[in-house]
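In what follows, a structure is listed as structure tokens, so that the remarks can point back to it.
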There are 2 protein chains.
Amino acid sequence: MTEAAGPGTGTVAGSLTTVEQYQSAILRAIAPLPPVAAELADAEGCVLAEDVTAAVSLPSFDNSSMDGYAVRAADTGHSSERSPATLPVTAEIAAGDTADYRLAPGTAMRIMTGARLPAGADAVVPVEWTNGAGDRVEIYRPAEHGNAVRYAGGDAIEGETLLERGVRLRPMHIAVAASAGRTTVKVQPRPRVAVLSTGDELTEPGTPLLPGQIWDSNSYMIAAAAREAGAVACRRSGVPDDPAGVLPALEEQLTHADLLITTGGVSMGGEHDVVKAALQELGTMAFRKVAVQPGMPQGFGTIGADRVPIFTLPGNPVSAYVSFQLFVRPALAALQDTDDLRLPAVRATLAAAVRSPQGRRSYLRGVLSGGQVSPLTGQGSHQIAALGRANALIIVPEQETGLPAGVTVDVVVLP
Amino acid sequence: MTEAAGPGTGTVAGSLTTVEQYQSAILRAIAPLPPVAAELADAEGCVLAEDVTAAVSLPSFDNSSMDGYAVRAADTGHSSERSPATLPVTAEIAAGDTADYRLAPGTAMRIMTGARLPAGADAVVPVEWTNGAGDRVEIYRPAEHGNAVRYAGGDAIEGETLLERGVRLRPMHIAVAASAGRTTVKVQPRPRVAVLSTGDELTEPGTPLLPGQIWDSNSYMIAAAAREAGAVACRRSGVPDDPAGVLPALEEQLTHADLLITTGGVSMGGEHDVVKAALQELGTMAFRKVAVQPGMPQGFGTIGADRVPIFTLPGNPVSAYVSFQLFVRPALAALQDTDDLRLPAVRATLAAAVRSPQGRRSYLRGVLSGGQVSPLTGQGSHQIAALGRANALIIVPEQETGLPAGVTVDVVVLP
């Protein structure tokens, strides 16, 4: 699977920024967050910010891989069912027994799985090869030197690198870190994302709607998308789309957030120049038209003393969603010092004809199944119900105004 | 991708349970948890336990898809750059404006994206087609009936099913639920899992090790694996492996947990019959040998008045991990009333020869890359460092004692 960047830089109208130009401009402005120490129990899913080495060799002592009897292999040399070796059992060593045992020649010690091999022993006879009880054990098969013994360092040697910086910690990595003696690890912190949906038309879902009002879905969706991309996210809904509404709401978040996202309003056209101008006073904002559909009007910059990155996404929910995946997701990856959030890109056969505006790359909602991708009915930027049925975005290159059924297309698999 | 069940029921020794028999026995004992109402902000990643229908049509009112002028299309009929239609602008309608407007013939109203279309209007002229300012607007292109209008119900009609029970909620689904007016949804709760690692040899990672002691990794790993599979998990380490240690620790969890997992000790052989017998008094435990490598000794049952499912997994970390993915993961899916946790299964070319015990299906740790899978060095059940490098399990069927390089094998992709 390759990066979901689409088919390179296509032909776009002169006044538009290409998707790749815009992605590059964003990434130039974003630096990884400083690493933090995380409790191991909280580290799953975070990106490791240090190499983890073995504090001791693994295992740190020779031990038995089975329940049985620690012996000198030579003492079992010619044993058989008919003519067992019979050895006195001089001790029982449980896993976790920290005493020092020394095996005398011609004797055996009962030993449990994981228990330390006594000095002088060089093999373990599994209990299944013996009569399995009593002060004297009958051994029915010879054990080779090293039988059922796990030697110290057999898994890893002290100081060996077990996990490399940059890996996103999965359950087995958590086990490796614990085995290496770690209860805390240095990780890239989960970016703290604040999502503000702006617009006087927005109300909380479920509240009675007056004509002209809609229930806010963007703040819920974008916060969820940020969490899916490894962030912690909070949301605030229905911020009035004027300087007196937007600016205090943003400034309030500046000390809490590593990245800000607004949806609606401020990304729009001339009507909102007042908010845009005010935003530009907080930092270095750039408002662009990107050669993409949906999601053409985009704003990005950094604001405040800490130069917190901010995205002003379009207000149509499908536009906001696609913009998030194309532009915000790579920024969240960069904050986590990783590129493992690239969405899978595949090629598939287009099941029905599609249209696309000239000079803009379309990302159409579709259902990918078994090498075929079907465009959904309802490609409007407001048609959230169709997005809810999609599992993929169909890419139509900038220079195309449509594609017929049956052609092979690039498809981005949605998270 | 198909279910990671492996190549059917192979030939196993008579006393062993097959992987599929054991999986079936487990699933027969597990019922989905009762659904709960979840705040939408907490519902991402949970399995939806109801259909979500549109509380109102989406959109719920005709509105403009662009910034422009609401008009009667007929009034723009023959307008052109040279001969614009000029209409008086009688109002400005912002998004969220809930007043009732009525457009008189031969007039226009300024309208913003998302704002409600005034009664009497049947089209929107984009601002780009006009002189864009003033009390009278000059219109340079005729607008067709319905131009830039999003009709009520164009995305979904009231009562339409937008999300179906059983879907695991992803960010776009959260948006759909919010758009449908929901701030809470009925979901399958995340199963509460308690993980207890038993064994006198276990100490917390990083504490000084006496000879014979090891740092506990299982409780961290299995808790992380449970979280990865949609659960919330807590862990307790180093429970003494005797009835006085294990039973109170389990009973303490019975009222808090939907599923219990122990690792080590109680799953082992004859030495631990006391714990096994005591466990059986708490419920219906069955201890079996499963035809699998690693992870042959398995215990499963339900205990306590609420018949909480419990798994007693082997203590070797690799055995515990593989057992979790093969046996506990499907149980967690069943508690969530879904089968979407099946691990992806692919076929790949084996890069090096492997060995396997006769009569048991091996799941060997490997690295899958580009259609080829390479078995890792260090296939011992205690070799956690190698597991940390794996991204896949290579299946060797029961009847095989080895496979040569170059053959095609079934591979399970690890989470």
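Laboratory data are not the source of any read-out in this text; all were calculated from the coordinates shown. Everything numeric in this text was worked out from a predicted model, so none of it was measured. All Cβ positions, even for glycine, are placed from backbone atoms using ideal geometry, and neighbour counts span all protein chains on display.
Mind computing the radius of gyration and Dmax over the alpha-carbon atoms of segment A:317-402? Å is fine for both.
In Å, with Rg to one decimal and Dmax whole: 13.6, 40.
Output wanted: per-residue J couplings in Hz (rounded whole) for segment A:377-392, from phi through Karplus 6.51 cos²θ - 1.76 cosθ + 1.60, θ = phi - 60°, x for Gly and Pro.
6, x, 9, x, 5, 9, 8, 6, 4, 5, 4, x, 9, 7, 10, 7
Considering chain A as a Gaussian network with a 10 Å cut-off on Cα pairs, which listed residue, A:H256, A:H145, A:H173, attains the greatest mean-square fluctuation?
In the Gaussian network model the winner is A:H145.
Which residue, B:L341, B:T262, A:I222, has the largest displacement toward the positive end of the dipole of the protein assembly as shown when charges sit on each Cβ (Lys, Arg +1; Asp, Glu -1)?
Of the options given, the answer is B:L341.
Across peptide B:38-46, how many C-beta atoms of other chains are within 10 Å of each residue C-beta, on average? Walk me through the intermediate numbers first.
Working: counts 0, 1, 8, 8, 0, 2, 8, 3, 0.
The per-residue average across the peptide is 3.
For segment B:63-150, what size does the Cα cloud have along each of its three principal axes, sorted from largest down, in whole Å?
Dimensions of segment B:63-150 along the principal axes of its Cα atoms: 37, 23, 22 Å.
How many percent of DSSP beta bridges within segment A:212-353 run antiparallel, rounded to 5? Kindly include the intermediate steps, with their values, before the conclusion.
Details: 12 of 16 bridges.
Approximately 75 percent, going by the DSSP bridge assignments.
Taking amide H positions as placed 1.01 Å from N in the peptide plane, with prolines and chain starts having none, which residues 5 or more places from B:R236, or on another chain, fall under 5 Å of its amide H?
Answer set, sorted by chain and number: B:V195, B:L196, B:S197.
Collect residues whose amide H, placed 1.01 Å from N in the peptide plane, falls under 5 Å from the amide H of B:L414; neighbours closer than 5 in sequence don't count.
Result for B:L414 returns B:A392, B:L393.
Determine the percent antiparallel among the DSSP beta bridges restricted to the protein assembly as shown, to the nearest 5.
Bridges in the protein assembly as shown are about 70 percent antiparallel.
Determine the dipole magnitude for segment A:63-150: charges of +1 sit on the beta-carbon of Lys and Arg, -1 on that of Asp and Glu, nothing else is charged, the reference point is the Cα centre, and the result goes in debye to the nearest 20.
On the way: 8 positive and 11 negative charges, 23 e Å.
It works out to roughly 120 debye.
Give a residue-ordered list of calculated ³J(HN,Hα) values for segment A:173-181 (Karplus: 6.51 cos²θ - 1.76 cosθ + 1.60, θ = phi - 60°; whole Hz; x for Gly, Pro).
5, 4, 5, 4, 4, 5, 4, 7, x
How high is the relative contact order of segment A:10-110, in percent, counting Cα pairs under 8 Å that sit 6 or more residues apart?
About 23 percent, as a whole number.
Each residue of segment B:118-130 in order: what ³J(HN,Hα) in whole Hz does its phi give by Karplus 6.51 cos²θ - 1.76 cosθ + 1.60, θ = phi - 60°, with x for Gly and Pro?
x, 4, x, 8, 9, 7, 10, 8, x, 4, 5, 8, 10
Using only the alpha carbons of segment A:146-299, determine the length spanned along each of the three principal axes and report them from longest to shortest in whole angstroms.
The Cα atoms of segment A:146-299 stretch 80, 38, 32 Å along the principal axes, largest first.
Out of A:I384, A:V367, A:I394, whose Cα points farthest toward the positive end of the dipole of segment A:350-415 (charges: +1 Lys, Arg; -1 Asp, Glu; placed on Cβ)?
Result: A:I384, furthest along the dipole toward the positive end.
Shielding by partners for A:254-260, please: the mean number of other protein chain Cβ atoms within 10 Å of each residue's Cβ. Spell out each step's value before the answer.
Values: counts 0, 0, 0, 0, 0, 0, 0.
Mean inter-chain Cβ contacts per residue within 10 Å come to 0.
Radius of gyration and Dmax for chain B's Cα atoms, expressed in Å?
Computed over the Cα atoms of chain B, radius of gyration and Dmax are 31.5, 99 Å.
Rounded to the nearest Å, what's the spacing between the alpha carbon centres of segment A:306-380 and segment A:131-168? Just the number, please.
Computed from Cα coordinates, the inter-centre distance equals 51 Å.
Between beta-carbons, use under 11 Å as the cut-off and find the net charge around A:V292, counting Lys and Arg +1, Asp and Glu -1. Write out the running numbers ahead of the final one.
Numbers: positive: A:R288, A:K289, A:R360, A:R361; negative: A:E20, A:E398.
Around A:V292, the surrounding residues sum to +2.
Placing unit charges on C-beta atoms (Lys and Arg positive, Asp and Glu negative, everything else neutral), compute the dipole magnitude of segment A:326-368 about its Cα centre in debye, rounded to 20.
Using only the charged Cβ atoms, the result is roughly 380 debye.
Could you bin all the Cα-Cα distances of the protein assembly as shown into 10 Å bins starting at 0 and give me the percent of pairs in each, rounded to whole numbers?
Bin by bin from 0 Å, the calculated values are 2, 12, 19, 22, 16, 11, 8, 5, 3, 1, 1, 0.
Run through the DSSP bridge list for segment A:344-413 and note the antiparallel percent, rounded to the nearest 5. The partial results should precede the final answer.
Values: 19 of 21 bridges.
In segment A:344-413, approximately 90 percent of DSSP beta bridges are antiparallel ones.
Across peptide B:237-247, how many C-beta atoms of other chains are within 10 Å of each residue C-beta, on average?
Numbers: counts 1, 1, 0, 1, 4, 0, 0, 0, 0, 0, 0.
Per residue, the number of nearby Cβ atoms from other chains is 1 on average.
Could you put B:M221, A:M296 in order, starting from the residue whose Cβ has the fewest other Cβ atoms within 10 Å?
Values: B:M221 33, A:M296 19.
Fewest to most other Cβ atoms nearby, the residues stand as A:M296, B:M221.
Please state the relative contact order of segment B:212-338 as a whole percent: Cα pairs under 8 Å, 6+ residues apart?
Numbers: 172 pairs, mean separation 31.8, N = 127.
For segment B:212-338, the relative contact order is 25 percent.
What does the charge dipole of chain A about its Cα centre add up to, to the nearest 20 debye, if the Cβ of each Lys and Arg holds +1 and the Cβ of each Asp and Glu holds -1?
Values: 31 positive and 43 negative charges, 196 e Å.
Dipole about the Cα centre, nearest 20: 940 debye.
Under a 5 Å amide H to amide H cut-off, with H placed in plane at 1.01 Å, what residues pair with B:Y69 once short-range neighbours are removed?
Distant-sequence amide H within range of B:Y69: B:I111, B:V125, B:V127.
Excluding A:A55 itself, what net charge comes from residues whose Cβ is under 11 Å from its Cβ, given Lys and Arg +1 and Asp and Glu -1? Write down the numbers at each step before the final one.
On the way: positive: A:R182; negative: A:E158, A:E160.
Charge balance near A:A55 sits at -1.
Treat the count of other C-beta atoms within 10 Å as a stand-in for reagent exposure and order A:R365, A:R72 from fewest to most.
Working: A:R365 25, A:R72 20.
If I rank by nearby Cβ atoms, fewest first, I get A:R72, A:R365.
Note the per residue figure in Å³ for the convex hull of the C-alpha positions in segment B:277-331. Mind showing how you got there, number by number?
Values: hull volume 4.0 nm³, N = 55.
It comes to 73 Å³ per residue, whole-number rounded.
Can you tell which of A:P208, A:P171, A:G238 lies farthest toward the positive end of the dipole of segment A:167-321, using +1 and -1 charges on the Cβ of basic and acidic side chains (Lys, Arg; Asp, Glu)?
A:P171
Per residue and in Å³, how big is the convex hull formed by the alpha-carbon atoms of segment A:82-130? Intermediate values should be presented prior to the final figure.
Working: hull volume 3.7 nm³, N = 49.
Taking only Cα atoms, segment A:82-130 has a hull volume of 76 Å³ per residue.
Let me have the relative contact order for chain A, percent, based on Cα pairs under 8 Å that are six or more residues apart.
Working: 1004 pairs, mean separation 74.9, N = 415.
18 percent.
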